[in-house]
């Protein structure tokens with residue numbers, strides 16, 4: 001009986017150790033590969049949180065104005081930039097060509113009046129958001145400063161584990 | 001006591017004076033500090049205002065530049081559709097705006113008037129409005145609506161920027177006005193400071209004047225009174241001193257010699273009043289003796305020309321006409337190289353001059369007496385020798401008288417009378433028969449023998465008498481020769497002169513057993529006064545005879561020497577081995593009246609020394625002491641000194 005208890009305790013301990021080791025290895029693997037892609041808006045923008053669906057609508061220009069009336073302006077990085085790729089992949093769920101065709105078509109059909117802005121640098125994205133009250137952009141967490149406001153996505157801040165927008169770590 | 005009290009009073013006055021000076025100095029220092037502080041404050045105020053204006057103008061310039069820069073960048077941004085360039089322009093514009101805003105914030109510190117404050121506030125308000133419009137323009141531009149952005153810029157941005165520019169211009173004008181105001185204020189401040197300075201200086205002068213007057217009324221007056229008293233005392237001392245001098249202290253014009261001051265003794269000197277001395281033109285030269293006028297005037301002129309002191313003697317004529325001898329000592333007072341005064345002392349030396357003249361007369365008289373004494377000395381020697389000869393003459397005469405008294409001539413006369421009374425027939429009888437007759441021939445033969453002896457004796461005595469008379473004649477003739485030669489310088493052989501002197505004393509030397517030793521070297525004849533040199537030699541010989549006679553020694557000796565002393569002098573020595581001379585007497589043996597002879601009068605050596613000096617020579621005595629003999633050395637020049 002005692003022997004069995006000992007064996008059970010050993011097994012439980014071994015399992016626990018395995019779990020810990022797995023968790024550590026798995027966690028280490030996630031943080032080492034990805035980092036949060038932060039959503040920034042103008043500081044005058046009262047919004048603090050967006051749902052992922054609202055974010056998709058804003059990005060797809062399905063929703064053109066903020067709730068308080070400001071015009072929405074999407075700011076992205078130029079093609080082949082990791083931030084742009086992450087947004088296209090995780091928010092638009094499009095390739096670059098699909099993205100271009102989408103907005104070309106929307107422009108021709110008049111559904112959108114201005115396509116997302118493309119800026120070369122993360123600083124450009126941040127300064128654009130700073131200057132345009134209705135702008136919303138995507139930058140790495142390291143590129144954020146006080147000139148812009150970081151909003152949550154689905155109620156989760158960029159540092160949270162379940163934050164949905166991620167980008168490959170540099 | 002009064003003097004002590006005066007001193008204490010002076011001391012207290014001095015202390016008061018010092019305190020007054022210190023108080024005045026403190027007031028002046030306080031005023032100086034106030035003035036310095038006032039000037040410093042004005043300077044600081046002006047400097048701060050100037051700096052503010054300069055700073056404001058500089059800020060306006062910077063503000064205008066930054067605004068124009070912001071505006072320019074915005075126009076650039078509106079001209080492009082590249083979002084990246086637009087973002088860069090936007091940042092640059094905001095940076096310029098930030099600089100402008102910062103400058104605007106600095107204006108607040110420079111505003112000093114309500115107008116300036118309101119102008120700057122208006123500028124800030126318009127600037128904020130422009131910035132808001134600018135933000136919307138940037139947003140529109142970045143959102144991709146450049147047309148809307150341009151339209152809004154034209155409709156709102158440009159008017160807003162013009163308003164800002166007008167505000168800046170207004171502020172600039174305000175600063176310019178402020179600068180002008182500051183300039184006026186600086187001028188006014190300078191004028192005010194100057195007025196304050198003048199006022200304070202005037203106040204200082206008033207205070208100083210009041211202080212001086214107060215001090216004059218109190219302590220300074222005492223000090224000045226004491227100083228005046230001291231000055232008066234000094235002047236009295238000076239006048240007393242001047243008037244107590246046995247002479248006339250005077251001051252005169254260096255050009256005209258007109259007296260400007262003379263002491264009171266002037267009245268006693270010439271019998272004229274002091275006013276007469278000073279007010280009579282040409283008084284000094286006018287009272288000068290005619291014989292001294294040119295010389296004295298020339299000496300004074302020379303002294304003035306050379307700025308040198310002068311000492312001279314001259315005669316002046318007193319009021320009553322008597323001649324006054326004056327000794328003048330004067331000095332030239334020079335100011336900046338120009339003679340301004342002649343100052344000196346006149347001394348009455350009339351008595352001194354009289355004494356000098358009397359002394360000179362006495363000297364001449366003494367010389368004459370000395371000469372006469374020398375002559376007497378010679379005459380004594382002459383008479384002595386003549387007397388000695390006269391003794392022989394007297395002896396010869398007595399002998400002749402005795403011989404003549406005892407002569408047998410009378411017996412011969414009686415025998416002749418006996419023969420005359422007898423007849424010739426009886427003569428034969430008488431001679432052959434008469435007893436007396438028979439003795440008569442033998443008697444006659446005896447008488448003739450006696451007469452022959454008497455004749456021979458009388459003849460010899462007569463011969464001696466004639467010799468003695470001839471000797472006397474020679475002595476008198478030599479004396480006459482020397483007596484006639486007085487004062488005449490002749491070139492004579494010195495040895496012959498010594499021989500003449502020895503001849504005068506020859507009998508004396510012979511009688512006292514004195515050996516004469518001659519050590520004569522060959523010397524050329526020298527210029528001498530025959531009489532004076534004989535006087536010296538006779539004196540020396542006489543003294544030597546006396547010294548040898550008194551010594552009592554048997555080997556009395558007088559060594560006479562003649563030799564050259566160098567190339568220019570002849571040395572004659574009279575060296576005896578007599579009693580000698582005590583050291584204490586050597587120094588005064590040539591003094592007038594000094595003698596060691598009981599019957600001496602002290603003229604001999606003194607006159608001999610004077611005679612030697614008159615001939616340009618010297619006479620000295622040397623002796624090793626009592627009983628050591630003495631040597632008298634006469635040195636005479638070989639050439640006559642002019």
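Any read-out appearing in this document is the output of simple, stated calculations on the displayed coordinates, not a laboratory observation. Note that the structure is a prediction, hence the values are computed from the model and not measured. When we count neighbours, we look across all protein chains shown, and the Cβ atoms used for this are built from the backbone with ideal geometry, even at glycine.
Structure notes:
- Label reach from residue B:620 (point 7 Å along Cα→C-beta): in the range B:560-588, amide nitrogens under 18 Å belong to B:561-576, B:581-588.
- Chain B - share of DSSP beta bridges that are antiparallel (%, nearest 5): 90
- Taking 0.36 nm per residue of separation and subtracting the Cα-Cα distance, full extension of the segment from residue B:335 to residue B:301 would add 10.5 nm.
- Here the gap between residue B:290 and residue B:355, fully extended at 0.36 nm per residue and compared with their Cα-Cα distance, gives a gain of 21.1 nm.
- At 1.306 mPa s and 10 °C, Stokes D of chain B from Kirkwood alpha-carbon radius, µm² per second: 38
- Look at A:73, B:633, B:214 and count the other Cβ atoms within 10 Å of each Cβ; fewest to most, that gives B:214, B:633, A:73.
- Rounded, prolate or oblate (a/c below 1.5 giving rounded, otherwise prolate when a/b exceeds b/c) for the range B:428-560 by Cα gyration tensor: prolate
- Per-residue average of Cβ from other chains inside 10 Å of B:140-146: 6
- Legend: ranking of residues B:400, B:359 from fewest to most surrounding C-beta atoms inside 10 Å; resulting order B:359, B:400.
- Spin-label proximity, residue B:85 to the range B:133-153 - amide N less than 20 Å from point 7 Å beyond Cα toward beta carbon: B:137-151, B:153
- Cα gyration tensor, the range B:593-642 - rounded (a/c under 1.5), prolate or oblate: oblate
- Helix-only CD estimate at 222 nm, as mean residue ellipticity for chain B, using -39500 (n - 2.57) per DSSP H run (n ≥ 4): -24000 deg cm²/dmol
- Label point 7 Å beyond Cα of residue B:122 along Cβ direction - residues of the range B:141-179 with amide nitrogen under 20 Å: B:157-179
- Where labels lie 7 Å past Cα in the beta-carbon direction, separation of residue B:395 and residue B:613 in nm: 4.6
- Relative to the longest principal axis of the Cα atoms of chain B, helix B:158-217 runs at roughly 30 degrees.
- Cα-Cα pairs of the range B:191-283 separated by more than 17 Å (percent): 70
- Distance between the pseudo-spin-label points of residue B:180 and residue B:511 (7 Å out from Cα toward the beta carbon): 14.7 nm.
- Helix B:293-306 axis, angle to chain B major axis (alpha carbon atoms, nearest 10°): 40
- Efficiency of FRET from Cβ geometry, residue B:55 and residue A:106, R₀ 41 Å, rounded to 0.05: 0.10
- DSSP-defined antiparallel bridges as percent of all bridges, the protein assembly as shown, nearest 5: 80
- Sorting B:82, B:38 from the fewest to the most surrounding beta carbons within 10 angstrom yields B:82, B:38.
- In chain B, Cα pairs under 8 Å separated by at least six residues give a relative contact order of 8 percent.
- The C-alpha atoms of chain B define a longest principal axis, and helix B:435-484 lies at about 10 degrees to it.
- If the chain linking residue B:308 and residue B:421 were pulled fully straight, counting 0.36 nm for each residue of separation and taking away their Cα-Cα distance, it would gain 28.9 nm.
- D by Stokes-Einstein for the protein assembly as shown, Kirkwood Rh over Cα pairs, 20 °C, 1.002 mPa s: 46 µm²/s.
- Put a dot 7 Å past the Cα of residue B:591, heading toward its Cβ, do the same for residue A:57, and the two dots end up 16.5 nm apart.
- Contact order for the range B:491-642, expressed relative to its length and based on alpha carbon pairs under 8 Å spaced 6+ residues apart, stands at 25 percent.
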